[in-house]
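Step one of this worksheet: look at the structure below.
The values are calculated or read from the model by the stated rules, or taken from the named source; none is laboratory data. These figures come from a predicted structure and were not determined experimentally. Positions of Cβ are backbone-derived with ideal geometry, glycine not excepted, and every protein chain shown enters the neighbour counts. Remember, those area values only see protein heavy atoms, side chains included, never the ligands or the DNA or RNA. Shrake-Rupley method; radii C 1.70, N 1.55, O 1.52, S 1.80 Å.
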Amino acid sequence: MAESKNNIVTHGLSGKVGDLLVFSQRNGKTIVSKVPKERTGELSDKQKAHKLRFQKAVLYAKYVLNDPAKKELYEAKADNSIGMSTYNVAVADLLNAPDIEEINLSGYAGNPGDIIKITATDDFGVVAVNLKIENSDGTLVEQGTAVNNGAEWIYTATTLNPDLTGDKITVTASDAPANLTEESKIA
């Protein structure tokens, strides 16, 4: 892809020229690229899944642009000087699920009031973190929602759990478009 700078012939030009070139406008600049090739053959299952996911991202971005409150949130992250519009931020948010970077069990000994710290990040923002504690045999000890303290999410235990051997702690993080990421850790 080429970029035309201060060319009076191509300035503002957009569209297809024959079967060779496509001109488009991005951030006040004229971009020149080759005409895309027509796809032949059937899409693979992975390609179909990716196409569907991208279609959902486009629908989500259109929804965001039509909701003034959501649009304002996404506009704050947009940077038109580098071509990152509100629409682009919303598409990227749906395409990128949160990351659970750390489940810190150092403050959890199985007593009510003990805390578990979770570090979860997202390109736009994590909106909720939920935690579930199960014994080694799969029985539920407790579950609930962690509280965001700005730097990390804090879950405060409410149930006595005298034997942590083999217990599984499962953390689920979600973002605004309801992407979910789940990670488990054995105590």
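Of the whole protein surface, S184 contributes about 60 Å² of accessible area at a 1.4 Å probe radius. Binning the C-alpha pair distances of the range 36-130 at 5 Å intervals from 0 yields a P(r) profile of 2, 11, 14, 15, 14, 13, 10, 9, 7, 2, 1, 1, 0 %, listed from the shortest bin outward. Distance from the Cα centre of the range 154-187 to that of the range 1-50, in angstrom? Taking the Cα centre of each part, the range 154-187 and the range 1-50 sit 46 Å apart. Simple rule: put +1 on each Lys or Arg Cβ and -1 on each Asp or Glu Cβ in the range 75-172, find the dipole, and look at N135, G113, G83; the Cα lying farthest toward the positive end is G113. At an R0 of 41 angstrom, the distance between the Cβ atoms of L140 and A92 translates into a FRET efficiency of 0.70.
Relative to the Cα centre, the charge distribution of the range 29-187, modelled as +1 at Lys and Arg Cβ and -1 at Asp and Glu Cβ, gives a dipole magnitude of about 1100 debye. Using the rule -39500 (n - 2.57) for each DSSP H run of four or more residues, divided by the residues of the chain, the 222 nm mean residue ellipticity is -7000 deg cm²/dmol. Each Cα pair under 8 Å and six or more residues apart adds its sequence gap; the mean of these over the residue count of the range 1-144 is a relative contact order of 13 percent. Subtracting the Cα-Cα distance of V9 and E75 from 0.36 nm times their residue separation leaves 20.4 nm of extension gain.
Of K71/K185; K16/K70; K77/K185; K16/K62; K29/K56, which pairs sit farther than 31 Å apart, going by alpha carbon to alpha carbon? Write out the running numbers ahead of the final one.
On the way: K71/K185 36 Å; K16/K70 35 Å; K77/K185 33 Å; K16/K62 26 Å; K29/K56 29 Å.
Table pairs above 31 Å Cα-Cα are K71/K185; K16/K70; K77/K185.
Straightening the chain between T119 and M84 buys 9.9 nm, computed as 0.36 nm per residue apart minus the Cα-Cα spacing.
Ligands, DNA and RNA excluded, the heavy atoms of Y108 present near 20 Å² of accessible surface to a 1.4 Å solvent probe.
Sort S81, S33 from largest to smallest accessible area, using a 1.4 Å probe on the heavy atoms of the protein chains.
Descending order: S81, S33.
Shape verdict for the range 8-92, please, from the Cα gyration tensor: rounded (a/c under 1.5), prolate (a/b greater than b/c) or oblate. It comes out oblate by the Cα gyration axes.
Each of I115, I133 has its accessible area taken with a 1.4 Å probe; listed largest first, they run I115, I133. For the chain, the alpha-carbon coordinates run over 77, 40, 27 Å along the three principal axes, in decreasing order.
In the range 45-95, the ratio of gyration radius to Kirkwood radius, Rg to Rh, stands at 1.05 when only Cα atoms are counted. Compared with the alpha-carbon gap, the fully stretched path from T170 to K46 is longer by 41.9 nm at 0.36 nm per residue.
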